[in-house]
Structure formats: structure tokens, C-alpha cells
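Some notes on the structure that comes next.
The values are calculated or read from the model by the stated rules, or taken from the named source; none is laboratory data. Worth saying up front: this structure is predicted, and the values here are computed from it rather than measured. Cβ placement follows ideal geometry from the backbone for every residue including glycine, while neighbour counts extend to all protein chains displayed. When the accessible area is computed, the model is the full protein with side chains, heavy atoms only, and any ligands, DNA or RNA have been set aside. Shrake-Rupley method; radii C 1.70, N 1.55, O 1.52, S 1.80 Å.
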Amino acid sequence: MDKINNLVEFTKVSKKLGNKQVLNDINLTVASGEVVGIVGPNGCGKTTLLRLVTGLIYPDRGEVRVSGRAVRLGLIGELPASVGALIESPAFLPQLSGLKNLTILADIQQKINEQAVREAIKRVGLDPDNRKPVKSYSLGMRQRLGIAQAIMEKPNILLFDEPTNGLDQEGKILFSGIMKEQVEQGAAVMMVSHNKEEINRYCDRVFMIQNGTLHPVREQRDKSWLIITNNLSDLEHIYQQGLLLQITERVDGYPAGICKGKWKNRDEMMSFLTEIGVKTVDVREVENDYI
Amino acid sequence: MALVSCVCDHFSFVIFFSRRNGIQSLNVLDYIINALTQQFNCMVMLPSIFLILVADLILSDLNNGYAGLILTRARSRLSWLLAKICVLFVCAFLFTMICTVIYLISGLLSGLPLDFTWSSHSLFTEETSPSFVLIMIECLYIFGLTAYGTFLLMVSLILRNTVFTWGTGAFMNILSYVAWLKMREIEKWFPTSQMMFLSQYPNKLIVNTPGFTTHWSLTYHFLLFTFSVLLGLLLFRRINLTRSI
């Protein structure tokens, strides 16, 4: 089978809910291994965009393609496959435990066994053997369980709506790690939030919805690089190029600094440094929140 | 709430219902058949209680967002809808069985003997096996509640409101009862009248409506069910599955 690069494609999509034109002529693609963020105020159509991908609603005009297949009514109301979603606050069966809830959901597709469900619950920092009913969970615990249900079947496409709602600092770090894992495994991620800071932190490309149309906010993500040099003058030289550089603690006794930029990979970064005459001991890509 | 209503209904009204028109139950089987064929109980009370149980079968999932978790894993909307109808059938079956068991218990508590033979004071004139009569009544209830419930589930997709759906159901139940009281000739066209075995089988209490037979009722249930599933598919296929309309 041909590998599909763009896992989600919106082509001139419009959608009206009630009397309100929520989306108007939306064009957007999300590729495998990419995180795309949508920001905008409440009620601007962010969640509608995610629902279009799940098939919970269909577009009035235009086409939504998921994993290369158009999301269409069909004869029986077809739904796209391999989509993991956390849309709005997760709703579980309140009287059952987290494990039981997720096992019931996993039984629908029968792709994974209970062991895999347990691993997903552990991955989000919850105890799969916790027999307390979900109704006794805190907001943060429910959100973690919601993230677990979205990732447990290792879908190709992940949709997150305000994913860090109710998460504490530890939960946010955990979520960041999960996102990284999923992207490395080739998942296409769409995330919507009214919190621009959160979106900027996780997403490669960022768009804003205004009056039903998408406006690019950032087309490419700045990556952070830890540059370890033999002497401070090399770091000064980088700074003199007008780049954003922050000196950090020495690494193995060598001077080091974090530099942010649009270099796609380590090779591109190394060739840039060679070009400006900087000799390095090592260069590593680090998390944006490393500093 | 439905279960509490059900128990209240049985224990507070059953004795009154089952001693109508001078017909007195001589054993538990008589008592159960009497209660399940009592017109108000059969056409208004029990269907209304059943509707409390199932009126929000689809809407609650849509409103609390659980449908989203299911549908991202389902192959099609139709499969989810059919799963809901299967749940409805199981609910109808359990509801009928629970009703029977509660009647059985309340009959025993009333001091009636646990005897499964036809009593000479029975309602029906024809000599038929009492177990057969009971099975027929149970089948009418199970198929009737399933077909009627499916129809009201589809109504709930249009109204998008549980209370209005229940209200529609309750109104139709009352119409059935009014038809039974005042316009017996059109009774056979109403959904909950189909569960009224007494109108369909020769008995000592009332004159049967011409053409209103158990066969008619089963056909009526089948057609109502088929119509409801097709209507549901048409609606559910294109409806916005969101919390708000």
C-alpha cells in the first residue's frame, strides 16, 4: 500500500451549525509526524474542525480526507478508521473503573488486549489496578484517562481538544512526552486550544480561526539546539550572528548554549555552524522548554 | 427512577387492577395474567415506565460526549444505531421479565397459591394452555416495547430532548387508552394497544375488536420496527452528532 503522507486533508470545507457559518472555505493538511495547532476564542469552530475529522459531523461543502479516504455519508454513515480523539471533557461510564471503561472501548475494535490497555493507563501516570469508579476521579485524572483512551490503540491520527485542561505541571510534562512518542511513531496530531502558549509549545504549525476562516500564525516550528563548544568565544560568535542564544551550565566541562531556530535537523544545524566558522564538541536537539 | 416507579406501580396498583369487574385471581398465574392484561396498566403505566428507562438511550450518549468515544472506534453510524436497538430489545426483555417476577412476588405476598393451572374463574373463554397464554402476552410485551421504543428513539433524534420524547410517548399511551375506552373500532391502530392481549383473545370481560388479533399485533410491531429502523438510518446517517443541534 502506498504510504499516505497527508493523513488529514481539508479542501475548501465549509460547515454551518444552526444559523451560524462556523467554518468557511477551510484548507488544511496534517502530515504524518506533524503536530498542527489551531487557536481561537471559544465558539469559533475549533472543535467543529476536529469533529469533521472523526465523522461526527459532515461538511456542508468541500471535502475532508482522512488517511486518504474521504469522510462521506455513504449508505450507512461511514466513519474514518484509526482516529484517536479527546474532544471536550472526556465522558466515561461513571460507575466503572478506569480500566473497565477503557477495556469496554477497546473491545469495540478488538485491536488491543487488556495488557495494552493497562500500559496506556500506566503511560498517563494512572494506576490500572485502581478499582475506584471514574466518578470519584479528579478532573486531572479524568483528563489523563481521556488521553489514555485516545492513544491506547496507537491510531494514525490524534485529535486533542484542550488536552491539558485540569492537568498539573507533572501531567503537562507527561503529555509532552506522550506527544513526542506519538509523533516519532508517525502519528498526525491536531490540537485545538484557546491557550496560545500551550499550542506554541507543542505544535509545529499554528493556525488561528477567525470568522470561520483559517489564518496561519506560524508555518514552521522553532527548534531548540544545545550547542557545546570548546570555548566561549565560539558561543559569542553565534550570538553575534543575531541569533537567539542563551548560555547554559557547562556540559561535561565545556561551555554550552541553547540556540533557537528553524533548522529542520542536526545536519542542517551543523552545516550552518560550519558555515559561520564555529567548531563544536556536540550539537543536540532539546525540548523547547529545556531552558 | 424507573425501577422505583415500576415497583411502586406494582405494589400500589396491582391488587386493585387484578380484581377488576369481579374477576378474582385464584392462583399466581391468574394474578400475573390479570395484571399484564389490565387495560390502564398495559397501555399507559408499563409503557410509560419503560420509556423512562429508554427515552435517553441515544441522547444521553450524545449529550455527555460518550458517543464520541464510541463512534471514533465504530465502523459506521449504522453499527452504533443497531447496537442501541439491540440494547433496547434486551431492555424490553428484562423489563417484561422483571414485571412478571414482581407480579409473581406480589401475588405470593397476597397469599395466592403457587399454582400454574387454569382456574375456573380465569379471564379467557377458550381452553388454551395457561403457559401458552402467558408466553403470548410476554411476546406481545417484548416485541411491542422493542418496536415502540425504537420508534420513540427515532423521535428523540428529531426532538433532541429526553423530556419531550417521553412526553410524546406518554401522550401516545394515553391516546391508546382513550381509543380503548371510547373508540374501540380504531384501537388496533395505536401502538400500545398492541400489547392488550385481552382485546385480541376471546374472554369474559370484553368483546374483541374485529380484525384485531395477535397476528395483527405482531405484524403491526414488525412494520413499526422496520419503519423506525429505516427512518432512524435516514436521520442518523446525516445528523450532526454534537451536543447542540
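Beta carbons closer than 6 Å, at least 6 apart along the sequence or on distinct chains, never pair a first residue in the stretch A:243-269 that is at positive phi with a second that is among the acidic types (Asp, Glu) and not in a strand (DSSP E or B).
Any residue at all in the stretch B:96-106 that is away from chain A (no Cβ under 14 Å), within 25 Å of the chain's Cα centre (by Cα) and in a loop (DSSP other than H, G, I, E, B)? There is no residue in the stretch B:96-106 that is away from chain A (no Cβ under 14 Å), within 25 Å of the chain's Cα centre (by Cα) and in a loop (DSSP other than H, G, I, E, B).
With respect to A:Val36, determine if the residue is crowded, with 16+ Cβ neighbours inside 10 Å, in a strand (DSSP E or B) and not basic (Lys, Arg). Against the criterion (crowded, with 16+ Cβ neighbours inside 10 Å, in a strand (DSSP E or B) and not basic (Lys, Arg)), A:Val36 qualifies.
A single entry from A:Ile108, A:Ile104 fulfils the requirement of being within 13 Å of chain B (Cβ to nearest Cβ), open to solvent by less than 60 Å² (accessible area, probe 1.4 Å) and modelled with pLDDT of 90 or more: A:Ile104.
Can you name every residue in the stretch B:142-160 that is open to solvent by less than 40 Å² (accessible area, probe 1.4 Å) and β-branched (Val, Ile, Thr)? Answer for the stretch B:142-160, where residues must be open to solvent by less than 40 Å² (accessible area, probe 1.4 Å) and β-branched (Val, Ile, Thr): B:Ile142, B:Thr146, B:Thr150, B:Val155. Across the stretch A:83-97, the qualifying residues are those that are in contact with a Leu (Cβ under 9 Å, 6 or more places away or on another chain) and surrounded by fewer than 21 Cβ atoms within 10 Å (Cβ to Cβ), and the one among them that is nearest to the other protein chains (Cβ to nearest Cβ) is A:Ala91. Screening A:Gln110 with (1) under 21 Å from the mean Cα position of the chain (by Cα); (2) under 15 Å from B:Leu71 (Cα atoms) gives one miss only, at (1). Looking only at residues of the stretch A:135-178 that are hydroxyl-bearing (Ser, Thr, Tyr) and closer than 20 Å to A:Leu99 by Cα, we find that the one that is least open to solvent (accessible area, probe 1.4 Å) is A:Tyr137.
The residues of the stretch B:161-172 that are over 15 Å from the mean Cα position of the chain (by Cα) and either crowded, with 20+ Cβ neighbours inside 10 Å or farther than 22 Å from B:Asp56 by Cβ (or both) amount to a single one, B:Thr165.
Among the candidates B:Thr219, B:Thr209, B:Thr192, B:Thr226, the residue that is of a type in the set (Ser, Thr, Tyr) and either on the phi > 0 side of the Ramachandran plot or touching a residue at least 60 places away in the same chain (Cβ under 8 Å) (or both) is uniquely B:Thr192. Checked against (1) more than 14 Å from B:Gln39 (Cα to Cα); (2) open to solvent by 60 Å² or more (accessible area, probe 1.4 Å); (3) more than 14 Å from chain A (Cβ to nearest Cβ), B:Leu175 meets all criteria but (1). From the set of residues in the stretch A:31-66 that are charged (D, E, K, R) and closer than 23 Å to A:Gln182 by Cβ, which is nearest to the other protein chains (Cβ to nearest Cβ)? Here the answer is A:Arg51.
Take the residues in the stretch A:67-81 that are small (Gly, Ala, Ser) and more than 22 Å from the chain's Cα centre (by Cα), then tell me which one is nearest to the other protein chains (Cβ to nearest Cβ). Among those that are small (Gly, Ala, Ser) and more than 22 Å from the chain's Cα centre (by Cα), it is A:Gly77. Scoring B:Gly65 on the criteria (1) within 14 Å of chain A (Cβ to nearest Cβ); (2) surrounded by fewer than 17 Cβ atoms within 10 Å (Cβ to Cβ); (3) out of contact with any Leu (no Cβ under 9 Å at 6 or more places or on another chain) leaves a single failure, condition (2). Annotation for the stretch B:38-49: no member residue is within 14 Å of another protein chain (Cβ to nearest Cβ) and not in a loop (DSSP other than H, G, I, E, B).
Here B:Ser129, B:Ser76 are screened, and the one residue that is surrounded by 14 or more Cβ atoms within 10 Å (Cβ to Cβ) and free of Cβ contacts under 8 Å to residues at least 12 places away in the same chain is B:Ser76.
For the stretch A:112-131, the criterion of being touching a residue at least 40 places away in the same chain (Cβ under 8 Å), within 12 Å of another protein chain (Cβ to nearest Cβ) and not in a helix (DSSP H, G or I) is met by at least one residue. Restricted to the stretch A:183-288, the set of strands (runs of 3 or more DSSP E) holding at least 2 residues that are within 28 Å of A:Gly171 (Cα to Cα), at pLDDT 85 or above and of a type in the set (A, V, I, L, M, F, W, C) comprises A:188-193, A:205-210, A:223-229, A:254-261.
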